[in-house]
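A short worksheet on the structure shown next.
The values are calculated or read from the model by the stated rules, or taken from the named source; none is laboratory data. The structure displayed is predicted, hence computed values, not measured ones. Neighbour counts run over all protein chains shown; Cβ positions are idealised from the backbone, glycine included.
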Amino acid sequence: MVAPGTALREGIDNCVLARTGALIVIGDEDGLAPLLSGGIKLDIEYTPAILYQLAKMDGAISLSQNATKIMWANVQLTPDPTILSRETGTRHRTAERVSKQTDGLVISISERREVVTLFAGGAKYVLQEIPAVLARANQALATLDKYRARFDQVSMRLTALEFEGGVTLHDALTVLQRSEMVTRMAVEIERYIVELGAEGRLIEMQLEEMLTGVAADRSALVRDYIVDPSEESFTGVMESLPRLPNQDLLDFGRLGELLGFDRKLNTLDFPMTPRGYRILGRVPRLPEIVVQNVVHEFGTFDVMLSATAGELEGVEGVGEVRAKEIREGLRRLQEINLVDRYLQT
């Protein structure tokens with residue numbers, strides 16, 4: 001609501017530039033009514049210019065829940081004085097108490113310091129200047145770029161090992177770890193994008209490009225190497241993975257335990273055979289249901305790789321044409337992976 005490019009942010013910026021200061025409360029009028037005292041009843045359409053003019057008065061300004069109407073001006077807010085507040089200024093203390101007592105968003109604009117502070121449900125957030133947020137977002141993008149490059153590198157190595165039949169649990173967990181690190185960094189950048197509003201479009205486009213294929217690859221990887229392939233276990237892993245503390249994410253024993261393995265297992269020496277979800281998912285124009293049918297039919301990727309055209313045709317939903325596409329697609333993937341690894345070295 002207060003991101004750059006919105007009408008509300010324009011009004012806030014006008015108040016900051018004019019150094020008028022303001023106390024703005026946004027919420028349901030019925031819920032705020034017991035806290036309003038005196039003031040002028042307006043009930044008019046919101047515009048940044050009118051907000052700026054009304055901010056010249058001493059009292060607070062009340063906006064409708066969606067901030068499309070100005071309901072009251074020059075009103076005194078009277079929250080419960082027994083509500084604990086850590087703020088020292090009168091305006092900020094009132095804002096914090098109102099946010100705790102109601103479901104409203106309260107915006108406090110400091111007249112002297114030119115600082116905009118948001119209060120919602122008792123939580124406090126100070127709006128940062130756009131250049132500062134952009135700088136942090138770009139720094140996070142540079143970090144994400146490095147994470148993505150490393151993810152692609154270990155993913156490519158895993159693909160080669162899957163074709164060669166030499167995968168260990170350590171190789172699979174490395175890709176899982178890197179995919180989660182990419183995802184967590186993306187979550188941080190998404191917060192910056194929300195705060196940047198219209199100024200964050202370029203950041204958002206770069207983020208979308210960097211995240212291409214990561215979520216699908218992570219999901220297929222879990223299906224390939226989880227001990228219990230049931231849908232319930234898969235869902236449990238996908239829900240637990242984002243909640244892992246950063247320290248546990250670096251612990252391969254904990255990651256292996258998440259997939260159903262013994263935590264004390266030596267991941268470097270433990271051989272693994274993928275089921276084939278991840279590689280088949282990269283074959284063009286292959287529906288997800290067909291991928292599941294093929295995996296269920298052959299059980300492991302090694303068996304699938306050595307299957308004849310006739311055996312593939314016998315799988316439900318495959319047929320002669322699709323069987324040929326699968327064999328050709330796997331061959332092409334193996335060649336592309338080999339070339340990419342050669343170019344990297």
Selection from region 1-26 of residues that are surrounded by 18 or more Cβ atoms within 10 Å (Cβ to Cβ), in contact (Cβ under 8 Å) with a residue 60 or more places away in the chain and either among the small types (Gly, Ala, Ser) or outside any helix (DSSP H, G or I) (or both): Val2, Gly21, Ala22, Leu23, Ile24, Val25, Ile26
Any hit, region 287-309, residues being in a loop (DSSP other than H, G, I, E, B) and among the charged types (D, E, K, R): no
Number of positions in region 27-69 that are in contact with a strand residue (DSSP E or B) (Cβ under 7 Å, 6 or more places away or on another chain) and touching a residue at least 60 places away in the same chain (Cβ under 8 Å): 4
Test: residue in region 115-127 that is of a type in the set (S, T, N, Q) and out of contact with any strand residue (DSSP E or B) (no Cβ under 6 Å at 6 or more places or on another chain): no
Flag for Ala149 being within 22 Å of Gly11 (Cα to Cα), in a helix (DSSP H, G or I) and of a type outside the set (Val, Ile, Thr): no
In region 142-165, the residues that are surrounded by fewer than 20 Cβ atoms within 10 Å (Cβ to Cβ) and closer than 16 Å to Met205 by Cβ: Ala142, Asp145
Scan of region 310-329 for residues that are surrounded by 15 or more Cβ atoms within 10 Å (Cβ to Cβ) and either outside the structural domain of Pro287 (by TED's automatic domain parsing) or not in a helix (DSSP H, G or I) (or both), ordered by number: Val315, Val318
Whichever residue in region 38-97 is of a type in the set (Val, Ile, Thr) and under 24 Å from Arg113 (Cα atoms) and, among such residues, is surrounded by the fewest Cβ atoms within 10 Å (Cβ to Cβ): Thr88
Residue among Met238, Met304 that alone is surrounded by fewer than 18 Cβ atoms within 10 Å (Cβ to Cβ) and either of a type in the set (A, V, I, L, M) or under 24 Å from the mean Cα position of the chain (by Cα) (or both): Met238
